[in-house]
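The values are calculated or read from the model by the stated rules, or taken from the named source; none is laboratory data. Predicted model only: the values in this text are computed from it and were never measured. Every residue, glycine as well, gets a Cβ built from its backbone with ideal geometry; the counts of neighbours run over all protein chains shown. Each accessible area value is taken on the protein alone, full model and side chains, heavy atoms only, with ligands, DNA and RNA left out. Shrake-Rupley method; radii C 1.70, N 1.55, O 1.52, S 1.80 Å.
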Amino acid sequence: MMKRISVMLSLMLGVAQVLMGASNALSDGKAITAGPDGKLVVEITIEPSIGKPMYAITYDGKTVLEPSALGLVSTDADYSKDMAIISAVVEPVSKKYSQNHIKRSKIEFIANKMIVGLGDSSGRHVMDVEFMVANNDVAFRYVLPKVGEPSGIRVMDETTSFTFPAYTTTFLSPQSDPMIGWKRTKPSYEEEYRLDRPMSECSRYGRGYTFPALFKVGNDRWALISETGVDSRYCASRLGDFDGHSYKIEFPMAEENNGNGTREPAFSLPGATPWRTLSIGASLAPIVESTIYWDVLEPLYEPTTDYAGGRGTWSWIVWQDASINFDDIVKYIDFAAEMGYEYTLIDNYWDNNIGAERMAQLIAYAHGKGVEPLLWYSSSGYWNDIEQGPVNRMDNPIVRKKEMKWLRDNGVKGIKVDFFGGDKQETMRLYESILSDANDFGLMVIFHGCTLPRGWERMYPNYVGSEAVLASENIYFQQHFCDVEAVNAATHPFIRNAVGCMEFGGTFLNRRLGRDNNSGNVRRTSDLFQIATAVLFQNPVQNFALTPNNLTDAPSLCIDFMKQVPTHWDETRFIDGYPGKYVVLARRSGNVWYVAGVNATAEPLSIKLDLSMLEGTDATLYYDVYASKAVRKRLAKGEQSTADDFVAKVRSVKAAALTHVEILPNSGVIIVVR
Ligand code: CA
């Protein structure tokens, strides 16, 4: 019955929209609208006893969010209670746009926009809540008018909450305590996910959870909560701990950024908050494929040059600090040239170990080889104890612009800025200032030790990716992260990488994580697993963890694949998977489809495929076999695998004939369809 009502509702709205453009969405004191196909329905009501604005969401007639709070509290007024809905207008919106650097290049966004006017007890219009309801996404934000004074608002609290049915399970990454970890650099979105846990389980630090946050509502609904459009006019937010009923939006912790800057954001009027987003579906497909994080935004400035993505080599990830010297960087420049890669990333301490003068020589050498160097900087500053240089060149606009001029004069095309101070508005201003100044000097920007990007691919054309994940460095640092590498790889496409570019720095082909390839942590996953992540993980510039010795000691089919793997994608589709267990995605670059999967379960996995949906007939199948029968027996007994246990194979097949593939545990599969 509920389903029929929602479909009828959308049909009625559809007719009204065709006739009038905008239509009234208010009836019986409720504001209600649906996505274009009628399945996703958002209803706004006022809780009668204290006048709290509330919203609820259903999908296909089933509850996704129970009535949940809306509202803001400013220094001047409390917009979370004693409110009334005074108007609600809905109109269809559609736009087509092109976007580089994300999971899809041509996007058509179709939604119903509903603006709900809220009035205070005297009936004065004080705030709008603007909703965008697409087929599988809801985005909403608070829009405040300027009526006389005040001219600005300081938001002391946002009461927005998310109330899921009690049987919901969670896939969450905790927010860290502030000012802890390496050189007091946390929080930096580098905490381990806990998967499929009850809502009642406490967060690790009692600080709630970072975005994005995935929820499984029964067996037929998924919802990914995040936010987008965060710039210098607000802080980045997170989810508070479960209070027994719901999760509430929380602002940064006071201690972040070494205590400097307020928790509470402020902006001038008229103005709006960032968008709160929910991607919702009966399967994980709408979550993996969602573009809502960019659909509701526009670029904040024009690019001064064409910021091309590409592949890079990165000496630091396996050879570490000791590799930041002239001779080793030359090796990695030559390695990039040999691979046909566009970039090489020169990490921390280049200012000290190489120096500006010899860096200019190195940059010229790289250019002679057709390779663009990317240079590392610390963001700090005073907000942590980082000593790796260069320091104090990105936090001050006078010094920063002088440095960026030096970079431009030497032909450098991009920088990586590391170790930020947290999520306060103060730090959002720094991100935006670095991006804006860098664009003036034709530089693209990668962030590490940082917050989640929130729509930045669209807002800032020279932004090309953020870490904001327990990235490849942890595989180098701790055996534990080798042991759980497959679980994490099977998690990120559904959560972290679904909402924004992820600068993971992966694809190790060393079997052990040491410079000599015979010491350090033991890799559990196969070579094919590693090259599959080059497709599974999306970032427009991928600085791979390959090392020069891999040209001769890694399987040539893997090196050949890595020479031609793209980082630019025109389309992304979910094929199959479950967070933390396995994932299979298809990504298209031009006319070529890349289907890639990894298996984090203990058993071989047979994946059903229908490649008829992908244009193309000839396919190349990359698959793993066990190195020997003895290996198969050993692993069947539950022993841990190593990279040496697998042998990667490749063969040509007809795409239509490929109806299923098998993926061994800790292994991967790739199908290239032309
Ligand atoms: Ca890091």
Being outside any loop (DSSP other than H, G, I, E, B) and either within 13 Å of the ligand (Cβ to nearest atom) or surrounded by 24 or more Cβ atoms within 10 Å (Cβ to Cβ) (or both) is the filter here, so list the residues in segment 464-481 that pass it.
-> Val464, Gly465, Ser466, Ser472, Glu473, Asn474, Ile475, Tyr476, Phe477, Phe481
Could you tell me which residue of segment 595-617 is surrounded by the most Cβ atoms within 10 Å (Cβ to Cβ), considering only residues that are in contact with a Ser or Thr (Cβ under 9 Å, 6 or more places away or on another chain) and of a type in the set (D, E, K, R)?
-> Asp610
Top-ranked residue of segment 482-500 - restricted to ones that are assigned to a loop (DSSP other than H, G, I, E, B) and open to solvent by less than 10 Å² (accessible area, probe 1.4 Å), ranked as farthest from the ligand (Cβ to nearest atom) | Ala490
Determine if segment 501-509 includes at least one residue that is farther than 24 Å from Asp306 by Cα and under 15 Å from the mean Cα position of the chain (by Cα).
-> no
When segment 596-618 is checked residue by residue, the ones that are in contact with a Leu (Cβ under 6 Å, 6 or more places away or on another chain) and in a strand (DSSP E or B) are Ala596, Asn599
What's the number of the condition Arg311 fails, among (1) farther than 20 Å from Gln425 by Cα; (2) open to solvent by less than 10 Å² (accessible area, probe 1.4 Å); (3) assigned to a strand (DSSP E or B)?
-> (2)
Only residues that are open to solvent by less than 50 Å² (accessible area, probe 1.4 Å) and at pLDDT below 95: list them for segment 75-118, please.
-> Ala77
Of all residues in segment 443-462, which are farther than 14 Å from Phe420 by Cβ and either in a strand (DSSP E or B) or within 16 Å of the ligand (Cβ to nearest atom) (or both)?
-> Met444
Return yes when Arg263 is open to solvent by 10 Å² or more (accessible area, probe 1.4 Å), among the charged types (D, E, K, R), out of contact with any Ser or Thr (no Cβ under 9 Å at 6 or more places or on another chain) and within 16 Å of the ligand (Cβ to nearest atom) and no when it is not.
-> no
Of the residues in segment 633-664, those that are assigned to a loop (DSSP other than H, G, I, E, B) and within 32 Å of the chain's Cα centre (by Cα) come to Gln640, Ser641, Thr642, Leu658, Thr659, Leu664
Residues in segment 157-190 that are open to solvent by 10 Å² or more (accessible area, probe 1.4 Å), within 19 Å of Glu227 (Cα to Cα) and within 16 Å of the ligand (Cβ to nearest atom): how many?
-> 2
Any helices (runs of 4 or more DSSP H) falling wholly within segment 501-566 and containing at least 2 residues that are surrounded by fewer than 23 Cβ atoms within 10 Å (Cβ to Cβ) and of a type in the set (D, E, K, R) = 556-564
Do we have Asn257 as at pLDDT 95 or above and touching a Lys or Arg at 6+ places or on another chain (Cβ under 8 Å) here?
-> yes
Could you name every one of the helices (runs of 4 or more DSSP H) located completely within segment 316-406 that has at least 1 residues being of a type in the set (S, T, N, Q) and open to solvent by 40 Å² or more (accessible area, probe 1.4 Å)?
-> 350-353, 355-368
Restricting attention to segment 410-426, and to residues there that are assigned to a loop (DSSP other than H, G, I, E, B) and open to solvent by 10 Å² or more (accessible area, probe 1.4 Å), which single residue is nearest to the ligand (Cβ to nearest atom)?
-> Phe419
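Yes or no, residue by residue, for (1) more than 19 Å from Phe140 (Cα to Cα); (2) away from the ligand (no atom under 16 Å from the Cβ):
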| site | (1), (2) |
| --- | --- |
| Leu195 | yes, yes |
| Thr210 | no, no |
| Asn219 | yes, yes |
| Trp222 | no, yes |
| Glu227 | no, yes |
| Cys235 | no, yes |
Counting only residues that are surrounded by 14 or more Cβ atoms within 10 Å (Cβ to Cβ) and either free of Cβ contacts under 8 Å to residues at least 12 places away in the same chain or under 18 Å from Lys608 (Cβ atoms) (or both), segment 618-666 contains a total of 12
If you check Ala490 against the conditions, is it at pLDDT 95 or above and over 30 Å from Ile434 (Cα atoms)?
-> yes
Checked segment 290-323 for anything farther than 30 Å from Met132 by Cα, in contact with a strand residue (DSSP E or B) (Cβ under 7 Å, 6 or more places away or on another chain) and of a type in the set (Val, Ile, Thr); matches are Thr313
